[in-house]
Amino acid sequence: MFKEWLKTEHVEVTLRLTLSIFLGYVLTFASSTSSIFPPETKLLFGVLVPFCSMSFPTLAFTFAAVILPLFSVFLFIQVIATILAAVTVVGGNYAFIAAFAFFVFCITFFRFIKSEGNKCSIILIGIVFQTILTWPNVITIRNGFSYPNTFLPPQIQTLLGDMLEDTVQAAKDMGQGKHSINIISGVLKDHIVDVTIANDGSSETFISGGMWLVRETWNLSSGIQNPFAKCGNILLTSLWIILILAVAVLLPPIRTMRTAVWRGIIPAALLDASSIIRSYAATMDKEKSDDEASRNDQELDSGANENARYEMRGKCVYHINTLFAGNLAKLTALEPRIFVCKPGQRTTAILFQLSEVTSKCVRIALGIELLTEREKEFLSDENAHQYLVVADTLEKCAKALACCDISILEKDNIDTENMEDDDENGATYDPFHFQKHASDVVLFSKKWLKAMSVEPPTESYSLAIFFESIKPFLLVQVSHFLNFGSLLMKVFQKATWTDLSKSHSWPRLVWCLKYTVGMTMLTGGFFWDVYREGFVICSKDDPLRLVFASQNAAWCCIAFCFATTQTVEGSIKKGILRMIGTIIGALSAWLALIACETGRYTNRYNPYGIVAWLTVTTILSIYVSTERGFAARVSLSNDYGFGPLYFVVTQVIIVSYGYYYYDPESVPVLVVNRMVSNLVGIALSMLLALIPPTIKGGDPSHCESIVTFHRNSVAEVINTLLSCHLDPENGNVDEARSKLKILSSKVLIQGTHMQEMAVDFEKDASKLRKVPIFLVDPLLKAEISKVTRDIYICAFITKHASDILADGETRSILLNDGSYGRYELENLDRILQLQNLPLSTKNDEGSITFDHQSPRTNGLIDAKLLIYTIKWILNEINGHEEVLCKIKKKEK
């Protein structure tokens, strides 16, 4: 039992993360690393290693997609920090505040870019860390500094003392008073410093600031022996952080997203699609049976069958959402396996195509299920045989992928003769072209299995394809630079501001403004003496008061950044979890410093005891906060995971400061100041989140906007069809087809963007769901899932309409004057203008509709399918609007 427990994904992830974080703790507190990293830089190990380890997935794509780009992110941070320092030197403190606010405003938009959202906090925290928290900060760079100075960390004081030793001695030889001396060697060569020698022989040296300090931060030659060269030290530290974080991800056995997709997710989707098809075939058989006993049995089992059908539909909707837009397949572009595959193949493209055709088969199977429920006359029972062949094919593809056995897909095992797409050989016409899509599943399954085999390459080497394959690796390294540049350009574009008239743009702009105001207020306080000196919890004569004043302002700002999310519910709930984690983490840090205090070590604390304490508390936090099953590899618990995360981060921050900077007597004051500064930043985050207008993740309006977009898209399809003139002399069929193709692409692109935003908002708002007052209506998540399915259906309608216009027979059946199809479209157009009226997918008594007694032709079937699908989606839209309206009423 215990061995099985150890093999669970949850325990494996816990052990992986703990090992990675343990290495971070070792580098943070090991005395042997003091010659490699300055204490302020080592503090980053203690903060970022636990934070990133617990925040990032443990799947292999994480290394290339998230961890490796951290170096570029830190480089981006240094560039911005350098610009801000230069602005401060030239324009003063107010210029820094203005420039800082502008940078924050631009970067906050990263939150709404799916691929960049996870970098937003790291970038902003890094900027605060480099410009305010660490020495030399922007005030030092502009105004200069004095030595000795109790504000400076001990190691920096030592380094400056070594640099100025000869200069101070020269001043002492000159006697009492103030002396201006030109330094002739070292990092400060050619700088004139003012050295004041007091009566008691003590000295104070002042070095003026300026642009030279900005340049010196990029000095890479002196390493930590140069106290000014922090950019080089930070970049070196980022490489170590990358190495440590890679342990959790790349530690054997390596867990890849590719394996999860092609051996787990895709086979499960194919099998469920097959099950629905077999259910359809069974339904058709029961319809043909005249056996009374069989009908009685059917009635008895109808309840159980109905529940099974709804359960299967739910599974299919889940698969559609999981494979949505090929997002998981896209992540596999950043898997290490790509470098082992044949250089002549783009394996990511193959898996993306396999995901797409699998999703298409699931959608078709679900559509057939809905058709057999409401419109049994639509598909003939002859289709059942064709679809059973499809079901068998999908099952074999699922087995081949799961077992990694391409022999299952050989011609002898696949019934290719019956995989026909039309009625040329007597086969019943398939309006969904299901056989073709099933053939595509076979094709891409074979391609994928060949690409993942260890056979020698059979294709010629292609340098172009190789670079196309590694393009995602290259782009992800500089995506933040590219996106920031794009955002800067948008600020000065008229279209950006005219777009604010759209309801979804204005709240996001206000959110970014509120975020910027909060960050600027807290950062600006750093330059306000009343704020800096008043916002400290210690006696006025405490020599550490000035140190705490500067650090508290920065940590308050960092806490605000950590606590703010896109939605008001997310900020409030994350703020509560962050407060709890901060308070408990501060308490645990205080106990750790008390328990590990000893005079036997240089820093007056036992580093082994501290590392052990932090490791044990961390492993407990990880075990509690990770999800169960495969989800453990993806993220912490979305419900309460932020509480344990910030417990770990707060604890290590306080312990690190206590270990390196403060005597044991100052620990209580340190704990209180760190805790209070964090709580103030969190409280401001929660306060600004409540100021309207706000983005509410539980607000159904985000989902409702997608529904409205679908209604308008369907209305545009109908209007485009009705506007067609079939007279060859005055025809505009080609123009209508072109318009529908553009609309189909728009439905997928814009619908995908809106869906991703709605999903992110709902997920952000769904923390602490077990607490009744914080519960987001579970119906909202279900509706978003269904609307995701509708995106594909609307795209199918536009494409199917375009295909109908390309075929003369079907076009005539649908659009000729006086035809049944035109009547139906005109009727739907009238109903759409009235809105919210139920649409029957069956024939209403007395209405004109397709003549079911007319000969069954391909054109008739396609025309019927379009009309039926439009009716079905409009009924779904009405249903979505009704449910979303109920959710709105509950919210009120």
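The numbers here are math on the coordinates, done by the rules we state, and not lab data. All of these numbers come straight from a predicted model, not from anything done at the bench. Cβ atoms come from the backbone with ideal geometry, glycine included; neighbour counts cover every protein chain shown.
Miscellaneous remarks
- Listed values (i) 1.06; (ii) 1.13; (iii) 1.20, entry calculated as Cα Rg over 2.2 N^0.38 Å: (ii)
- Farthest positive-ward along the chain dipole, Cα basis, beta-carbon charges - from 350, 765, 370: 765
- In the chain, Cα pairs under 8 Å separated by at least six residues give a relative contact order of 15 percent.
- Helix 9-29 axis versus longest C-alpha principal axis of the chain: approximately 20°, rounded to the nearest ten.
- Distance from the Cα centroid of segment 26-54 to that of segment 69-128 is 23 Å (rounded to whole angstrom).
- Averaging the sequence gap over all C-alpha pairs within less than 8 Å and six or more residues apart, then dividing by the number of residues, gives segment 701-891 a relative contact order of 29 percent.
- Taking Lys and Arg as +1 and Asp and Glu as -1, the other residues whose beta-carbon sits under 10 Å from that of residue 771 total +3.
- Residues whose amide H comes within less than 5 Å of that of residue 626, counting only those at least five positions distant or on another chain, are 637 (H built at 1.01 Å from N in the peptide plane).
- Restricting segment 5-97 to trypsin sites (Lys or Arg not before Pro) in coil, as DSSP defines it, with at most 14 other Cβ within 10 Å: 7
- Measure of compaction for segment 108-193 (Cα Rg per 2.2 N^0.38 Å): 1.63
- Exceedance of the 18 Å cut-off in Cα-Cα distance is limited, within the set 119/494; 399/450; 799/871; 330/436; 574/888; 114/330, to 119/494; 330/436; 574/888.
- Computed from Cα atoms, the angle from the helix 266-288 axis to the main principal axis of the chain rounds to 20 degrees.
- Annotation for segment 683-721 versus segment 237-266: alpha-carbon center distance of 36 Å.
- Based on alpha-carbon atoms, the Kirkwood radius and the radius of gyration of segment 145-208 give Rg/Rh equal to 0.94.
- Residue-averaged 222 nm ellipticity for the chain, from DSSP H runs of 4+ at -39500 (n - 2.57), nearest 500: -22500 deg cm²/dmol
- Segment 701-891: proportion of alpha-carbon pairs further apart than 30 angstrom, %: 28
- Exposed loop sites here mean chymotrypsin sites (Phe, Trp or Tyr not before Pro) with a DSSP loop assignment and at most 11 other beta-carbon atoms within 10 Å; the chain contains its longest site-free run at 1-460.
- With Cα atoms, 0 to 90° folded angle of helix 292-322 axis to the chain main axis: 40
- Förster radius 22 Å - calculated FRET efficiency between residue 218 and residue 102, Cβ distance, rounded to 0.05: 0.45
- Table column - 3J(HN,Hα) (Hz), segment 441-452, Karplus curve with 6.51, -1.76, 1.60, x for Gly and Pro: 4, 4, 4, 6, 5, 5, 4, 5, 5, 5, 5, 8
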